[in-house]
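The values are calculated or read from the model by the stated rules, or taken from the named source; none is laboratory data. Bear in mind the structure is a predicted one, so any value in this text is a computation, not a measurement. Using ideal geometry, Cβ is built from the backbone for each residue, glycine included, and neighbour counts are taken over all protein chains shown. Ligands, DNA and RNA are stripped out before the accessible areas are found, and what is left, the full protein with its side chains, is counted by its heavy atoms. Shrake-Rupley method; radii C 1.70, N 1.55, O 1.52, S 1.80 Å.
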Amino acid sequence: MNTDSSPIGVFNSGMGGLTVLRALRKQLPGESFLYLGDTARLPYGTKSAATVQRYALQAARILVDRGVKALVVACNTASAVALASLQRQFAPLPVLGVVEPGAQVAAATCRRRILVLATESTVNGGAYQRRLLTLRPDLQVFARPCPLLVALAEEGRHSGPLVTLALQQYLEGFAGPTPSVGRVSPDGPFDTLLLGCTHFPVFRDALRDLLGETENSAVALVDSAETTAHALADHLKSGDLAVAPADVEPTLALMATDGIDRFRRVGGYFLGDRLSAVELVDL
C-alpha cells in the first residue's frame, strides 16, 4: 500500500461540506484533510452556472496548490455544474463530486416517488433529475429549490419554529393531505427524500418530526455524505493512494474566506466535533 500521507482536499460554499468531511473522517480515519469553505461568497446555489464554475475552480486551485492527493467537491451545486471541468483541469488528480453517489443510493432506495430538496442552481440544472431517471426510468422524480435552508444552516439554526415553518413551506404540496404535513405513507406523494445539498443533513431531526415514521410508513432520507465517503475510499484503494494504517498521525486543517469566528462556532455542529483554528484565505 502506498504511504502517501498528503491530505485530501474538500471544499464547499460554506460549512455544509463539513457534513461530508464528517463522513470522510469516519470512513478514512487514517487520512489527513484540508477543508475550504468559501463563506465570503455563499450560497453557490443562487448563482449562475458560469459563476459557480469560476468560484469552484478558484477554491479547488487553493487546495491543489497545497498538495492534496485527491479532491472532493462537497457541494451539490458545484458538483452539478463544475465537476467535469474540474476533472479536466486537474487531471490526473482524482476529483469526486457528491451528486453521483447520492443519486445511486436514492435510486436503489426509492420505491416509486422521490422528492429532491436542493438549491436553485442544482434544481434548475436538473443534474439529480437526469441521473435518477437514467438509473431508474420508472421513477417519478420531483425537485424543489430551498434557498432559505442554506442560510438557516449557516446561522446554526437546525430546529425551532423558523426551521419548521420553512420546511413546511418547502414540503407543501408534496407531503400528503394532513394539515401539518404529517406522516407520509408509501402511497403518498413521495417515499424517498433526497437531500440534494450538503447543508441539509442538519435538518434530519426536524424533517423526521414533520414527516413522521412508523413501522409501516416511513420516508427514506438520503444524503450523499456516506456514499461519497465510500466512493472515495474505493478510489484511493484502487489508485494506491490510501495512507498505510497507523503510518502517520492524521491532521485536519480548516480554511474559510470570511467569518472565521462564526465558522469555528457553528461549524462544530456540522462536523460533529469541536473546531480548532480556522485559517482566513483570500481567493
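Scan segment 232-250 and give yes if some residue there is at pLDDT 90 or above, of a type outside the set (A, V, I, L, M) and surrounded by 23 or more Cβ atoms within 10 Å (Cβ to Cβ), otherwise no. No, segment 232-250 has no match at all.
Of all the residues in segment 251-277, those that are part of a helix (DSSP H, G or I), out of contact with any Lys or Arg (no Cβ under 8 Å at 6 or more places or on another chain) and of a type outside the set (Val, Ile, Thr) number 7. Residue count for segment 58-94 under the criterion of being among the aliphatic types (A, V, I, L, M) and open to solvent by less than 10 Å² (accessible area, probe 1.4 Å): the result is 11. Taken together, the residues in segment 150-165 that are touching a residue at least 12 places away in the same chain (Cβ under 8 Å), under 17 Å from Leu211 (Cβ atoms) and hydrophobic (A, V, I, L, M, F, W, C) amount to 1.
Taking the options Leu132, Leu139, name whichever one is over 20 Å from the mean Cα position of the chain (by Cα), crowded, with 17+ Cβ neighbours inside 10 Å and farther than 22 Å from Tyr44 by Cα. Don't jump to the end; show me each part of the working.
Details: Leu132 fails: over 20 Å from the mean Cα position of the chain (by Cα).
After ruling out the rest, the residue left standing is Leu139.
All of (1) crowded, with 20+ Cβ neighbours inside 10 Å; (2) modelled with pLDDT of 95 or more; (3) under 22 Å from Arg157 (Cβ atoms) hold for Met255 with one exception: (3).
Between Thr192, Thr178, Thr164, which is in contact with a helix residue (DSSP H, G or I) (Cβ under 6 Å, 6 or more places away or on another chain) and either modelled with pLDDT of 85 or more or more than 22 Å from Gly125 (Cα to Cα) (or both)?
Thr192
Within segment 5-30, being in contact with a helix residue (DSSP H, G or I) (Cβ under 9 Å, 6 or more places away or on another chain) and open to solvent by 10 Å² or more (accessible area, probe 1.4 Å) holds for Pro7, Thr19, Arg22, Ala23, Arg25, Lys26, Gln27, Leu28. Sub-8 Å Cβ pairs linking a first residue in segment 228-246 that is among the small types (Gly, Ala, Ser) to a second residue that is surrounded by 12 or more Cβ atoms within 10 Å (Cβ to Cβ) and at pLDDT below 90, at least 6 apart or interchain, are Ala233/Ala242; Ala242/Met1; Ala242/Asn2; Ala242/Asp4; Ala244/Met1; Ala244/Asn2, ordered by first then second residue.
Return yes or no: is Leu42 touching a strand residue (DSSP E or B) at 6+ places or on another chain (Cβ under 6 Å) and either in contact (Cβ under 8 Å) with a residue 40 or more places away in the chain or of a type in the set (D, E, K, R) (or both)?
No.
Filtering Ala277, Ala229 for residues that are out of contact with any strand residue (DSSP E or B) (no Cβ under 8 Å at 6 or more places or on another chain) and either loosely packed, with under 15 Cβ neighbours inside 10 Å or at pLDDT below 95 (or both) leaves a single hit, Ala229. Using the structure shown, decide if Leu36 is in contact with a helix residue (DSSP H, G or I) (Cβ under 6 Å, 6 or more places away or on another chain) and of a type outside the set (Val, Ile, Thr). The answer is yes for Leu36. Can you pull out every residue in segment 236-250 that is outside any helix (DSSP H, G or I) and either β-branched (Val, Ile, Thr) or farther than 20 Å from Gly67 by Cβ (or both)? Correct list: Val243, Pro245, Ala246, Val248. Scanning segment 199-219 for residues that are assigned to a loop (DSSP other than H, G, I, E, B) and either at pLDDT below 90 or surrounded by fewer than 22 Cβ atoms within 10 Å (Cβ to Cβ) (or both) yields Gly212, Thr214, Glu215, Asn216, Ser217, Val219. Remark: pairs (first residue in segment 63-76, assigned to a loop (DSSP other than H, G, I, E, B); second residue surrounded by fewer than 20 Cβ atoms within 10 Å (Cβ to Cβ); Cβ separation under 6 Å; 6+ apart in sequence or on different chains) = Gly67/Ser6; Lys69/Asp4; Lys69/Ser6; Lys69/Leu241.
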